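The values are calculated or read from the model by the stated rules, or taken from the named source; none is laboratory data. Just so it is clear, the structure is predicted and the values come from calculations on it, not from any experiment. Reconstructed Cβ throughout: ideal geometry from the backbone, glycine too, with neighbour counts over all protein chains shown. Heads up: the accessible areas ignore ligands, DNA and RNA and are worked out on the full protein's heavy atoms, side chains in. Shrake-Rupley method; radii C 1.70, N 1.55, O 1.52, S 1.80 Å.
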Amino acid sequence: MKSWCALAFLWLAFLCHGTLSCPALCKCYLRRAEVVCNEIPLTEYPSEDLPKNTTMLTIQFTNISSISEQHLKATPLLEGLHLYSNHLQNLSSDLLRGVPHVNTLDLTGNKLSDLPVDVFSHAPLRSLVLKNNLIEKADAEWLPDNSSLTWLDLSGNRLTKIPSALLQKLPHLENLDLSNNRLEKIAANSLDQLTKLERLNLQNNKLDTLDASILQSARDLTYLFLSRNQLNKLPQKLFQELSQLKHLSLDDNQLTHIPPGLLDPLDSLDEEGLDLTSNPWLCDGKVEYLWRWLQKNKKKVFLPETIVCARPQSLVGRSIMSLTESELNLQS
């Protein structure tokens, strides 16, 4: 009985100590070693009073504008750091030195622009999210060789290019999101090291074509998003290795034709897994391949009846699927 009372007393003392060490206006969940500071008028990182055993820390919708290595040293066991929608403007190159267990870092919705070299090199990161910042240039030196990253999100920035040298450091990457940038080109062979890539999001950029070899090593790719670019032509063998692809979006581009055989390797597409809508299709003799493929694979296409002719004038607004052989011959 005495030993039980002693244990109970120790547990209560621990709880009290944990409660006292929680930063003001934050919530500390001791059992799962998590701290959440949410929508509060914080202006400085709350390193004082953070429980040292914290493994998950979320600070979001605050006025914090800077964070340093010294701040993070307060929680040496940290594994996940989520800093959504604050006012961070810069990071130090030694930021992660004091948190050698951090595997998840999310900096969505801050004001980051120029990041120093080695900034993400001092922890075994597996997930890095830099979404919706002001980054104009990605640097290969951000990360170590043979990085552990499986998830990289650079969407919603101001990138005009992505360095091949950066991508070549990511052999374990499964998800790459570069959407909502200003990319004009993806260099040939820049994705060759990404043999485990499953999701690639390039939508809402300024790409007008893709190199024929760009996807040759991405044999595990299952989701490919290319909508809202300026694609006006695609290489015939672009999708040749994508036998696992389930979803492909090519809507809202400038495609007038696709080359014969382009879609043939895509046997694994989900129902409605292909989106070709909102392109200026030219319904002349060269549309025959697409016409026959749509007839055969209608169930794999999203809203197939809305894939319509933009030219010639006599067929404007007509669904490509509805064209007859005689009409195709007339336009050949």
Selection count, segment 157-194, where residues are open to solvent by 20 Å² or more (accessible area, probe 1.4 Å) and either on the phi > 0 side of the Ramachandran plot or in contact with a Phe, Trp or Tyr (Cβ under 7 Å, 6 or more places away or on another chain) (or both): 3
Single match in 137, 131 (criterion: farther than 22 Å from residue 253 by Cα, crowded, with 17+ Cβ neighbours inside 10 Å and basic (Lys, Arg)): 131
Residues satisfying the stated conditions in segment 234-285, i.e. touching a Lys or Arg at 6+ places or on another chain (Cβ under 8 Å), among the charged types (D, E, K, R) and under 20 Å from residue 217 (Cβ atoms): 241
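Yes/no matrix, rows are residues, columns are (1) modelled with pLDDT under 95; (2) within 28 Å of residue 132 (Cα to Cα); (3) part of a loop (DSSP other than H, G, I, E, B); (4) among the polar types (S, T, N, Q):
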residue	(1), (2), (3), (4)
8	yes, no, no, no
12	yes, no, no, no
18	yes, no, no, no
36	no, yes, no, no
43	yes, yes, yes, yes
52	yes, no, yes, no
57	no, yes, no, no
Residue match in segment 61-77 (condition: under 21 Å from the mean Cα position of the chain (by Cα), open to solvent by less than 50 Å² (accessible area, probe 1.4 Å) and on the phi < 0 side of the Ramachandran plot): no
Evaluation of residue 108 against (1) over 14 Å from the mean Cα position of the chain (by Cα); (2) hydroxyl-bearing (Ser, Thr, Tyr); (3) closer than 28 Å to residue 47 by Cα (one fails), failing number: (1)
When residues of segment 21-34 are limited to those that are surrounded by 13 or more Cβ atoms within 10 Å (Cβ to Cβ) and among the aliphatic types (A, V, I, L, M), the one modelled with the highest pLDDT: 33
Conditions (1) over 26 Å from residue 117 (Cβ atoms); (2) outside any loop (DSSP other than H, G, I, E, B); (3) open to solvent by 20 Å² or more (accessible area, probe 1.4 Å): number failed by residue 208: (2)
Residue within segment 268-285 that is surrounded by fewer than 19 Cβ atoms within 10 Å (Cβ to Cβ) and part of a helix (DSSP H, G or I) present: yes
Qualifying position, being in a loop (DSSP other than H, G, I, E, B) and either in contact with a Pro (Cβ under 7 Å, 6 or more places away or on another chain) or within 19 Å of residue 207 (Cβ to Cβ) (or both), among 242, 294, 248: 242
